């Protein structure tokens, strides 16, 4: 019997209430669940078919400004080669011979002289001040210009000796910035090629992380350099690195036309906006399910321009397709429920005897697949919606999943002291008017993907796709997302979906809070750790490396 017939026979037996059903494996059960859900939608008359093509966009999906389109013939345009100077360098006064860029960091420029390695200059300063005693006129006894030139060929005149005295007085010598930038650019090319060969996913944020590591490893003295957008754009063009798009095509089964969907969306929003004044903003909620891969990756990566195949290494290929489900509850006043509902896929739908990691801000359930069931929905209402901290009279917006429409099941777990009004968003409209879809899940997933990316680079041995490690990461991320600093971000999801929620002022997204562009320019704040930081805690605003932030589960 074919797989399709097995699944169909199983579904028909379930519809007829027959106790004899063919045994199905996990994947077949998942398909059966989908088909049963579609069948229920057909019975309710909201079955739709529409084919949609989606092209995923990520942070580097911007036009390459370095490409030039010629619109007139016979006009020859010369594009200068990229050089590593940054904005800070162009604001500095430099000498004509600064164009020399030896392949070593921390070069010192003497007036109209060659660039000299910092270590040799420091050696010359030490030797110049090594003699003890004073002359009769009170000046210090120092080596002569002739002896200094014999030992250090770059010391050629009295001006150079005066420069050594300045370094001796101020205790430091300023390295030539352009030389340092050239060294960083070359070392970054080596590091990026190594990461590409290992199949790692790279974005501009990771490049800045690698730059900070180069600066730290080579003890490069360079101020206010984090790798601006324009600097990285020029670097990528010079070394033949570009962001390659991965195209994904998705088919949705829908019958409604786009005009029908837009009309139903607007009608639902108008109806909801009339009801909203009856509730406090803190009592209006949206709940939605979303599948997260065990090992989340972005759909594109930096690699060498012209590459026909883009291969990336992950800890487990299956973990990029196997998922778990998260079900958040977000309020129109910008607050998140302190607990996140999570459903894991477990063999036979049961956790192992040893159990799983306990996290105070997670409600963890399991099933034979990660797909939600009606029983899990009831558990969600018991432990999340009707948690003692929740308001007694609330409004809940949900999607068109058929189980949300089972008022009897919801009533069976509703406490006598609670009132709950449930509004179901019409099928096909959730991508337009559901706050979680419009403005919440994108930011949530970007944080998870970025942390995964940093983990692949800095701690490749850490098994992020394992059960307990997954729960630890979700717990930390949810704790960060619950920060009051992100309330305007959550409010905007409601506003963008069309509901009568005032547009919040300018705000930072979770990724902008957690991964500021200069995050890698400082060392980890953990005691005894000198690694480059990769994340900034939204609460205490201290910066930590991947190990001290995620692996050690930072709390403040």
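Please treat every number below as a calculation from the coordinates, not as lab data. Given the structure is predicted, the values throughout are model-derived calculations rather than measurements. Backbone-built Cβ (ideal geometry, glycine too); neighbour counts: all protein chains shown.
Overview of values
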item	result
Virtual spin-label span in nm between residue 483 and residue 119, 7 Å along Cα→Cβ	4.0 nm
By average C-beta atoms within 10 angstrom, highest first, the peptides 496-508, 426-438	426-438, 496-508
Calculated FRET value between residue 4 and residue 378, using beta carbons and R₀ = 35 Å, to 0.05	0.65
Distance-filtered residues of region 363-379 - backbone nitrogen under 17 Å, label point 7 angstrom along residue 31 Cα→Cβ	369-371
Backbone N within region 424-463 under 17 Å of label point (7 Å from residue 266 Cα along the Cβ vector)	426, 429-430, 432-434
Sites residue 273 and residue 507 - FRET efficiency at Förster radius 25 Å, r taken between beta-carbons, to 0.05	0.65
Extended-chain gain in nm, criterion 0.36 nm per residue less alpha-carbon gap, residue 238 and residue 466	78.1 nm
FRET efficiency estimate (nearest 0.05) - Cβ-Cβ, residue 518 to residue 156, R0 30 angstrom	0.15
Label-point gap, in nm, between residue 347 and residue 539 - each point 7 angstrom along Cα→Cβ	3.7 nm
Cα-based shape type of region 516-556, given that a ≥ b ≥ c are square roots of the gyration tensor eigenvalues and the cut on a/c is 1.5	oblate
Burial order of peptide ranges 477-484, 273-280 (average beta-carbon count within 10 Å, highest first)	477-484, 273-280
